[in-house]
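Some notes on the structure that comes next.
The values are calculated or read from the model by the stated rules, or taken from the named source; none is laboratory data. Quantities reported herein were computed from a predicted structural model and do not represent experimental measurements. All Cβ positions, glycine included, derive from the backbone under ideal geometry; neighbour counts span all protein chains shown.
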């Protein structure tokens, strides 16, 4: 039920801020000093923001500005139509501030794409995603398109009902033609990257599960024998799959694959032994998981995003070690036992 008293109060404030907009516009017409012009432009923006803000308050109470429309001058009516391009119904008034806030941030990401196009060479779109990730243009496009894609999916916790690509982009007037083309291209790139990331994340999770399964088998054996059996299971059954995933175009012989798997096992043991380095990486991992931008996402989505950020910095293999150490206690317990033995004792040399 509409609160007429609050609506009337906010309509009064709406009119007041609209008058301030006109005053500053008139001052700008007569201003000549650059500093004064800059100051007035900032003031004009603030006044327009307050018009939008009070429009939101009117809409939240179920009101509109139709009852005060005739009190506006022709120029004031033009300003209102510019600030509320989707109409003056209560719902449009209520949503416009949030809509503009979201679009403002997308415009910043669009600018980053344009800057990347000037600074970095193009990439071959036909390359695998893993190869394209080495290109900074592609990364800038993902930064825009992937988050836009996530916020358009109703079945995800990232869904943004106020403004998202699927439901609102076609009728959005705030983007220039150049910006629209960039958004459309980057949205498709975001979809491509999301599919790649889901596959990679699922693989890492499965890898962690496989490591846990192999760890559970250790209880059947004595201390050193346990460790040796676990290592053998890792480099013969678990790590080969990951190595092939990291290098899909390479064909390994059985001997080469065993050698690479043993080397990966050694690096995992060294990771376990380097307590200071590991703790520093774990701290960074947890700090990223707590980032404000990731608030509202599911645990899996946060881990997926952080895994991508970390892997670009320290590599996919080290990221897997870090992820497993953070999520699988039984693997950590096994590694605490294994790291006490030499590579020779573990059958790795």
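Within the range 154-175, which residues are within 18 Å of residue 302 (Cα to Cα) and surrounded by fewer than 16 Cβ atoms within 10 Å (Cβ to Cβ)? Talk me through it step by step, then tell me what you get.
Going through the range 154-175, the residues within 18 Å of residue 302 (Cα to Cα) turn out to be 154-160.
Answer for the range 154-175, where residues must be within 18 Å of residue 302 (Cα to Cα) and surrounded by fewer than 16 Cβ atoms within 10 Å (Cβ to Cβ): 154, 155, 156, 157, 159.
Is there a residue being under 20 Å from the mean Cα position of the chain (by Cα) and not in a helix (DSSP H, G or I) anywhere in the range 103-117?
Residues of the range 103-117 under 20 Å from the mean Cα position of the chain (by Cα): 103-116.
Next cut, not in a helix (DSSP H, G or I) only: none.
No, there is no match, as no residue in the range 103-117 is under 20 Å from the mean Cα position of the chain (by Cα) and not in a helix (DSSP H, G or I).
Answer with yes or no whether residue 138 is surrounded by 13 or more Cβ atoms within 10 Å (Cβ to Cβ) and over 14 Å from the mean Cα position of the chain (by Cα). Full working, then the answer.
Numbers: surrounded by 13 or more Cβ atoms within 10 Å (Cβ to Cβ): yes; over 14 Å from the mean Cα position of the chain (by Cα): yes.
Criteria met by residue 138.
Given the structure, is residue 333 in contact with a helix residue (DSSP H, G or I) (Cβ under 9 Å, 6 or more places away or on another chain) and either outside the structural domain of residue 242 (by TED's automatic domain parsing) or closer than 18 Å to residue 232 by Cβ (or both)? Can you show your working first?
Working: in contact with a helix residue (DSSP H, G or I) (Cβ under 9 Å, 6 or more places away or on another chain): yes; either outside the structural domain of residue 242 (by TED's automatic domain parsing) or closer than 18 Å to residue 232 by Cβ (or both): no.
Considered against the rule, which asks whether it is in contact with a helix residue (DSSP H, G or I) (Cβ under 9 Å, 6 or more places away or on another chain) and either outside the structural domain of residue 242 (by TED's automatic domain parsing) or closer than 18 Å to residue 232 by Cβ (or both), residue 333 comes out as no.
Of all residues being within 14 Å of the chain's Cα centre (by Cα), surrounded by 15 or more Cβ atoms within 10 Å (Cβ to Cβ) and in contact (Cβ under 8 Å) with a residue 24 or more places away in the chain in the range 273-316, which is nearest to residue 160 (Cα to Cα)? Just the residue, please.
297
Anything in the range 161-180 that is over 21 Å from the mean Cα position of the chain (by Cα) and assigned to a helix (DSSP H, G or I)? List them, or say none.
170, 171, 177, 178 - these are the residues of the range 161-180 that are over 21 Å from the mean Cα position of the chain (by Cα) and assigned to a helix (DSSP H, G or I).
Could you look through the range 201-235, keep only residues that are modelled with pLDDT of 70 or more and buried (at least 20 other Cβ atoms within 10 Å of the Cβ), and pick out the one that is farthest from residue 260 (Cα to Cα)?
227
Given (1) surrounded by fewer than 17 Cβ atoms within 10 Å (Cβ to Cβ); (2) in contact (Cβ under 8 Å) with a residue 40 or more places away in the chain; (3) over 30 Å from residue 143 (Cβ atoms), identify the lone condition not met by residue 270.
Here residue 270 clears every test but (2).
Does residue 43 fit the bill of being in a helix (DSSP H, G or I), surrounded by 13 or more Cβ atoms within 10 Å (Cβ to Cβ) and not assigned by TED's automatic domain parsing to the domain that holds residue 147? Step through it out loud before you land on a result.
Details: in a helix (DSSP H, G or I): yes; surrounded by 13 or more Cβ atoms within 10 Å (Cβ to Cβ): yes; not assigned by TED's automatic domain parsing to the domain that holds residue 147: yes.
So residue 43 passes the test.
Scan the range 176-189 and give yes if some residue there is buried (at least 19 other Cβ atoms within 10 Å of the Cβ), at pLDDT 75 or above, under 24 Å from residue 310 (Cβ atoms) and out of contact with any strand residue (DSSP E or B) (no Cβ under 8 Å at 6 or more places or on another chain), otherwise no.
We begin by selecting, within the range 176-189, every residue buried (at least 19 other Cβ atoms within 10 Å of the Cβ); these are 182-183, 186-187, 189.
After this cut, where a residue has to be at pLDDT 75 or above as well, the list is 182-183, 186-187, 189.
Of the ones still in play, those that are also under 24 Å from residue 310 (Cβ atoms) are 186, 189.
With the extra rule that they be out of contact with any strand residue (DSSP E or B) (no Cβ under 8 Å at 6 or more places or on another chain), the set shrinks to 186, 189.
The answer is yes, given that some residue of the range 176-189 is buried (at least 19 other Cβ atoms within 10 Å of the Cβ), at pLDDT 75 or above, under 24 Å from residue 310 (Cβ atoms) and out of contact with any strand residue (DSSP E or B) (no Cβ under 8 Å at 6 or more places or on another chain).
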